[in-house]
1. Looking at B:196, B:127, B:150 in this structure, which one is at pLDDT 95 or above, within 30 Å of residue B:15 (Cβ to Cβ) and not basic (Lys, Arg)?
2. Report those helices (runs of 4 or more DSSP H) wholly inside region A:1-88 carrying at least 1 residues which are within 14 Å of another protein chain (Cβ to nearest Cβ) and either buried (at least 19 other Cβ atoms within 10 Å of the Cβ) or among the acidic types (Asp, Glu) (or both).
3. Keeping to region B:111-135, report how many residues are of a type outside the set (Gly, Ala, Ser), surrounded by 14 or more Cβ atoms within 10 Å (Cβ to Cβ) and assigned to a helix (DSSP H, G or I).
4. Listed residues B:98, B:108; which is of a type outside the set (Val, Ile, Thr), in a helix (DSSP H, G or I), more than 8 Å from chain A (Cβ to nearest Cβ) and without any contact (Cβ under 8 Å) to a residue 40 or more places away in the chain?
5. Within region B:66-95, take every residue that is assigned to a helix (DSSP H, G or I) and among the β-branched types (Val, Ile, Thr) and give me the one that is farthest from the other protein chains (Cβ to nearest Cβ).
6. Only one residue in B:27, B:19 is over 16 Å from the mean Cα position of the chain (by Cα) and either in contact (Cβ under 8 Å) with a residue 12 or more places away in the chain or closer than 17 Å to residue B:203 by Cβ (or both). Which one?
7. In the set B:74, B:91, which member is under 21 Å from residue B:48 (Cα atoms), among the charged types (D, E, K, R) and in contact (Cβ under 8 Å) with a residue 24 or more places away in the chain?
8. Of A:93, A:36, which residue is touching a residue at least 12 places away in the same chain (Cβ under 8 Å), within 22 Å of residue A:145 (Cα to Cα) and aliphatic (A, V, I, L, M)?
Amino acid sequence: MSPLAALVRKEVRVELRSLQGTVAAAMLVLALLLLLRFTLTNDEIARARLAPAILWSVLLFAGLGLLTHTALREGDRGTGEMLRLAPLPRATLFLGAWAGNLLLLSGLTLLAFGFYILLFENSFGSAWPSALAILLLSAVGVSAAGTLTTQAAAPLPGAWMLGTLLAIPLLLFTVVEASLRALQALLLDDAGIATALTLLLLYDLAFLAGGAWLSELAD
Amino acid sequence: MLAVRELQKAFGARRVLRGLDLSVADGEVVLLQGENGAGKSTLLRILATLDRADSGEAEVDSFALSDGVEVRARIGFAGHRPGFYGELSGRENLALWAQLHQLPEHSAEIDATLERVGLKAFADDRTGIYSRGMLQRLALARATLHQPTTLLLDEPFAALDSAGRKLLRTLISEWRDDGRAVLVVAHGSGLAADRTLALANGVLA
């Protein structure tokens, strides 16, 4: 097994055996969706228009909570330090953590989408698989930026750590905006979806490549 | 072989290492002592590439510390924090380490290492239920699993019972006989080192 595959398997195995991050994130998803379900307008058309915003609000909060949990766990136990003792380029460690986080975030996205369909109307109609695919594609960039930022923030003292973590949504506005545009275009059957998807893919690649490069630079 | 020249490290205004020179030859055990806060752990962390020195040079088997991948392949490090995944068993933690080092066919080696440190009966238990002493034994197993040429051990006797301390002294003796360079930070360990050095005010006294 390659070191990268070993890192991904470790990430998933540790989380699945403890369920600490995933259960908390799933509960947060459910709580936020319920909150939005009972506080938003009863106007179906308005709610349909808000679908991308609802999904992104939920995924951003719950997803970043999950990524923060995995990063802090490595720091608290000293396992992150153990990984840094391995004879691997730092970029490999970053990519391993990113891939593990992407799997966890994808699971959370599936769950959030399922809850959304249950609690709200399926605003996307028969295009719901495309909407889900857009969200999963966005998870690539979210997990890349989230992994990099949470790894950088984990060793920092309280206020600095919190400040860094709260900066993640600012860092991610590019991915979120492209994803929102793609979802809106899907809802309105707009031709602009191709441009939005291209932008989303480019942002994903930029965050992934940038994360790997910055990890090497920090060594 | 380990060679350190003019190593300097400061944390803010506090200068911890002030131009430290040190060498540990192959097949030599060096015991490093000093008061709390003298900079012993900082030195080991720099040599393990976990921290960066402000200036100076250090080499492991002629590889400069800036060549992190090569250096890390040659060192075995056991620090203050064991650093194991509590959800994984002792065997799984070591298997992860072997995979990160790309060791081929590591199952037999892991079994042998676990037996050597007295943990074979607990190999499939999750490390979350290990005692501090058991974690220390596992950390020693991990430090040597990839057959490093240089061992950096920071307070390795801590938390070990008398049998564990005796075992560790035997292991260190074996590593010396295997031709490895061993740098140990310890106090009152009863370790028969080839040289004992004292770190004070950032330099070797």
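1. B:150
2. A:3-18, A:20-39, A:51-77, A:79-84
3. Qualifying residue count, region B:111-135: 9.
4. B:108
5. B:71
6. B:19
7. Being under 21 Å from residue B:48 (Cα atoms), among the charged types (D, E, K, R) and in contact (Cβ under 8 Å) with a residue 24 or more places away in the chain holds for just one of B:74, B:91, which is B:74.
8. Sole residue among the options that is touching a residue at least 12 places away in the same chain (Cβ under 8 Å), within 22 Å of residue A:145 (Cα to Cα) and aliphatic (A, V, I, L, M): A:93.
The values are calculated or read from the model by the stated rules, or taken from the named source; none is laboratory data. As the structure is a prediction and not an experimental result, all values here were calculated from the model. A quick note on method: Cβ atoms are made from the backbone with ideal geometry, for glycine too, and the neighbour counts reach across all protein chains shown.
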